[in-house]
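Enquirer: Before anything else, here's the structure in question.
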Amino acid sequence: MQLSRLYSALFHLKPSNLSHHPLSLKSVCYSCLSTSAIILGASQASLAQTDLMVDAQSDTPSVVLDTIVVTSSADASADGLPDAYEGGQVATGSRVGILGNQDIMDTPFSTTSYTNEYIANQQAQSVGDLLKKDPTVRVARGFGNFQEAYFMRGFITTSDDTMFNGLYGILPRQYIATELFERVEVQRGASAMLNGAAPSGGNAGGTINLLPKRASNDPLRQLTLGYGQGDQGKVAVDVSDRFGTEDAFGVRFNAAYQDGDSAIDDESSTLGLAALGLDYKGEQYRLSADLGWQDNKLKETRPSVNLGGVSSIPKAPDGSKNWAQPWTYSDEKDIFGTIRGEYDFNDNLTAYGAYGMRSGEEENSLATLTVNNADGAGTIYRFDNSREDLVQSAELGLRGKLQTGEVAHNLVLAANLYDQEEKGAFAFDLGNQPATNLYRPTDYTEVPFTSTATFGGNLDDPKLTNEKQLQSFALADTISLFDDKLKTTLGVRHQNIKTTSYDANTQAETAHYDKSEWTPSIGIVYQPNMDWSFYGNYIESLAPGKTAPQTNNSAPVTNAGQALNPYVSEQTEIGVKYDNGLIGSSLAIYRTDTARDYIDASNTLISAGKNRHQGVELTVFGSPSENMRLNAGVSYLSAKQKDTGDSALDGNKVIGLPTLQSNVNLEYDVAALEGLTLTGDIIHTGARYADNANTLKVDGYTTLDLGARYKTVLAGQDVTLKGMVTNVTGEDYWQSVGGYTDAGYLNAGEPTALKVSATFDF
């Protein structure tokens, strides 16, 4: 493992300790304690230096220094987090990969950063809960299980490829609770030059970056109690403070526990988590560290619906109905930690670095439903799996400013490393498929594995199945002319993708992939005045090419075992942004061509053909009046299959993608009762297809959520009461279609449900 050497250098551990053993709680705790010691030591050194200076100058007149205001900073930057925009729902800027924090008007890319205030007001429980409010994103389930995945510009971004403060793979891969992050940054479009290749090969349509929570300038003592329809209770605490010289040292701690039944029949879950965030902000350097734990347990969770030979889409069932088997469950437990630092050599040159790690364990026993008739008749089969992940991720870089005549340069040189060891085992039984029905499910006692079952490894002791290493370096320069009215960003990244797969039973190597690719980018921004910004970009995304299978339709594949070169997706985008201080808006027009593969007439796997995604996105946000806030938008997408190798499919729409989708979120402060705010969300998703032939059409849907919150004072304490009813109209609908390439499984929408909470500030 390449990163073990970096880890050893940082924390004085032997590389062998990480190369051959799963990451333990002890090692994570040791790492973050080491980080804490570094930060505390720096803080104490700063205090000591200050005391010595005072002693040395005790006989001289005192000098009154300006007060330093400490700004919360998730990424250890000198400027802290970008400010919230008017209305407080989104921020004025966000991280744009290696370019760092950028104002939305200054970057040649489409971005949105949702604030913690907006996340809390929406009572969002996870990343998916929040992103379903974004007009350019739709939430699905990756690979048909309970993993959150996000359709962005018609491409799937799985939670595997979510970033945490600029690092891939650090947060839990299935479900990420909102208590673990401060902001959700949505960067739309391809981003290989900016962020590097995603671990799972996604992100052609966009990247999700989550920012950790940090102590703000004011102390925080907050307790939240929540309840959801069904019998779901929750308690969460959020405390923070700053101390030391000029409050340079900050601590923030979050913890939450949730347990009970959901609004879906017989479905229940238990969630526990804790997160600690530390930061030190000095005059010349900044440090931050995170330590987190999440344990998520699901029982009898409603599964996806596979389609087996149906001629039409089955009607969406009642939103509260459940066809899960009573013995099914899904458990995920993760421990993670990060450290990040930034050092100013002078006003024009800054070095930065970050390192993160995660140890994850998963265990599932599932019953996949396949519907074979529009009347809901179908079958189930049992699928069990276990998985362990050890992930390490790091970045190093330099940012510098240079002036050449009338031309200003902002230069970035960066290197990124990602290393993952995956252990896994599975068992499934296609030969034992009891009958059931989508609308009238039959419950079985635990379905045993029969002699027809297929086993891969030992479920109780999974062995190594995959190793993945991503290495890259990037160089970018933002050139500014005409008093910063014209900015051009040029960049390039060299990316190496290396994966090795192993047989779960024998540990024999089954596949090896080692390929590299250059991915360039250019972006241009022109700002004629403070209110308007025009931009354009060309940028690429990168994913590993497929390895040719041994057979196809029982015939040998001519290039079996050959690894194809990385697939490059090419994006071209133009847009305009508007900001008058009260209302902001962005209009983007884009086209993305992504590579495909197919087995040709000679039974050879080739990289040929493509899908073309063309679309228009409009977002509007801000505060149109003093007592109103707005977050809305609409997305139009034309996603077509091209040159597929099958003339009958050429020109057809891509599975799971609506042509039109839109969102409107409104908040209104009631003047007659101070502290009362009414909220409403309208979400519309158009029709989609569940097959490449476009014969199975899934109806669109429109849902309405209504809510209210009331801020008051009880017994001298600030209290915020919140309530929301989801799917007020009681619409039955298929929320998503698919969750990975060429898959058309269905996921049912949410039922009408009530959720309430009370937040106490002490």
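Enquirer: Test LYS321 against the criterion of being out of contact with any helix residue (DSSP H, G or I) (no Cβ under 6 Å at 6 or more places or on another chain) and under 30 Å from LYS697 (Cβ atoms), and give yes or no. Steps first, answer last, please.
Expert: Details: out of contact with any helix residue (DSSP H, G or I) (no Cβ under 6 Å at 6 or more places or on another chain): yes; under 30 Å from LYS697 (Cβ atoms): yes.
Yes.
Enquirer: Can you find even one residue in the stretch 467-482 that is surrounded by fewer than 17 Cβ atoms within 10 Å (Cβ to Cβ), charged (D, E, K, R) and at pLDDT below 95?
Expert: no
Enquirer: What number of residues within the stretch 150-159 are within 9 Å of the chain's Cα centre (by Cα) and buried (at least 24 other Cβ atoms within 10 Å of the Cβ)?
Expert: Within the stretch 150-159, residues that are within 9 Å of the chain's Cα centre (by Cα) and buried (at least 24 other Cβ atoms within 10 Å of the Cβ) number 3.
Enquirer: So, one more: State which residue is farthest from the chain's Cα centre (by Cα) when the search covers only the stretch 304-339 and only residues that are over 30 Å from SER393 (Cα atoms) and among the β-branched types (Val, Ile, Thr).
Expert: Among those residues, the one meeting the criterion is VAL310.
Enquirer: For the stretch 330-445, which fully contained strands (runs of 3 or more DSSP E) count at least 2 residues that are closer than 25 Å to ASP279 by Cβ and not charged (D, E, K, R)?
Expert: Once the strands (runs of 3 or more DSSP E) in the stretch 330-445 are filtered for at least 2 residues that are closer than 25 Å to ASP279 by Cβ and not charged (D, E, K, R), what remains is 349-371, 377-404, 407-428.
Enquirer: Just the residues that are in contact (Cβ under 8 Å) with a residue 60 or more places away in the chain, part of a strand (DSSP E or B) and of a type in the set (A, V, I, L, M), please, taken from the stretch 106-152.
Expert: Hits for the stretch 106-152 are VAL137, VAL139, ALA140, ALA149.
Enquirer: Moving on to the next point. Output the residue which, of all residues in the stretch 450-465 that are outside any loop (DSSP other than H, G, I, E, B) and among the hydrophobic types (A, V, I, L, M, F, W, C), is surrounded by the most Cβ atoms within 10 Å (Cβ to Cβ).
Expert: The selected residue is LEU464.
Enquirer: I've got another one for you. Mind checking which residues of the stretch 205-233 are charged (D, E, K, R) and either under 17 Å from TRP293 (Cβ atoms) or surrounded by 21 or more Cβ atoms within 10 Å (Cβ to Cβ) (or both)?
Expert: LYS213, ARG214
Enquirer: May I pose another question? For the stretch 688-727, give me each residue that is under 28 Å from the mean Cα position of the chain (by Cα), farther than 24 Å from GLY87 by Cα, of a type outside the set (S, T, N, Q) and buried (at least 16 other Cβ atoms within 10 Å of the Cβ).
Expert: Listed by number, the residues that qualify are ARG688, TYR689, ALA690, ASP691, VAL698, GLY700, TYR701.
Enquirer: Picking from ALA476, ALA504, which residue would you name as being in contact (Cβ under 8 Å) with a residue 24 or more places away in the chain, in a loop (DSSP other than H, G, I, E, B) and under 33 Å from the mean Cα position of the chain (by Cα)?
Expert: Exactly one residue qualifies, and that residue is ALA504.
Enquirer: Right, next: Kindly indicate whether any position in the stretch 207-226 is of a type in the set (S, T, N, Q) and under 14 Å from the mean Cα position of the chain (by Cα).
Expert: We begin by selecting, within the stretch 207-226, every residue of a type in the set (S, T, N, Q); these are 207, 209, 216-217, 222, 224.
Remaining after also requiring under 14 Å from the mean Cα position of the chain (by Cα): 207, 209.
There is at least one residue in the stretch 207-226 that is of a type in the set (S, T, N, Q) and under 14 Å from the mean Cα position of the chain (by Cα).
Enquirer: Would you please list the contacts, defined by Cβ atoms under 7 Å and residues six or more apart or on different chains, that run from a residue in the stretch 166-178 that is more than 21 Å from GLY196 (Cα to Cα) to a residue that is buried (at least 24 other Cβ atoms within 10 Å of the Cβ) and polar (S, T, N, Q)?
Expert: ILE176/THR162; ALA177/GLN294
Enquirer: Any residue in the stretch 704-713 that is closer than 24 Å to SER304 by Cβ, assigned to a strand (DSSP E or B) and either in contact with a His (Cβ under 9 Å, 6 or more places away or on another chain) or not hydroxyl-bearing (Ser, Thr, Tyr) (or both)? Before you say what the answer is, go through the steps one by one.
Expert: Initial filter on the stretch 704-713 (closer than 24 Å to SER304 by Cβ): 705.
Then drop every residue that is not assigned to a strand (DSSP E or B), which leaves 705.
Still in the running and either in contact with a His (Cβ under 9 Å, 6 or more places away or on another chain) or not hydroxyl-bearing (Ser, Thr, Tyr) (or both): 705.
Yes, that holds for at least one residue.
Enquirer: Suppose the filter is in contact with a strand residue (DSSP E or B) (Cβ under 6 Å, 6 or more places away or on another chain) and of a type in the set (Gly, Ala, Ser); does GLY749 pass it?
Expert: Judged against the criteria, GLY749 is a match.
The values are calculated or read from the model by the stated rules, or taken from the named source; none is laboratory data. This structure is a prediction, so every number in the text was calculated from the model and none was measured. Please note: Cβ atoms are built from the backbone with ideal geometry, for glycine as well, and neighbour counts cover all protein chains shown.
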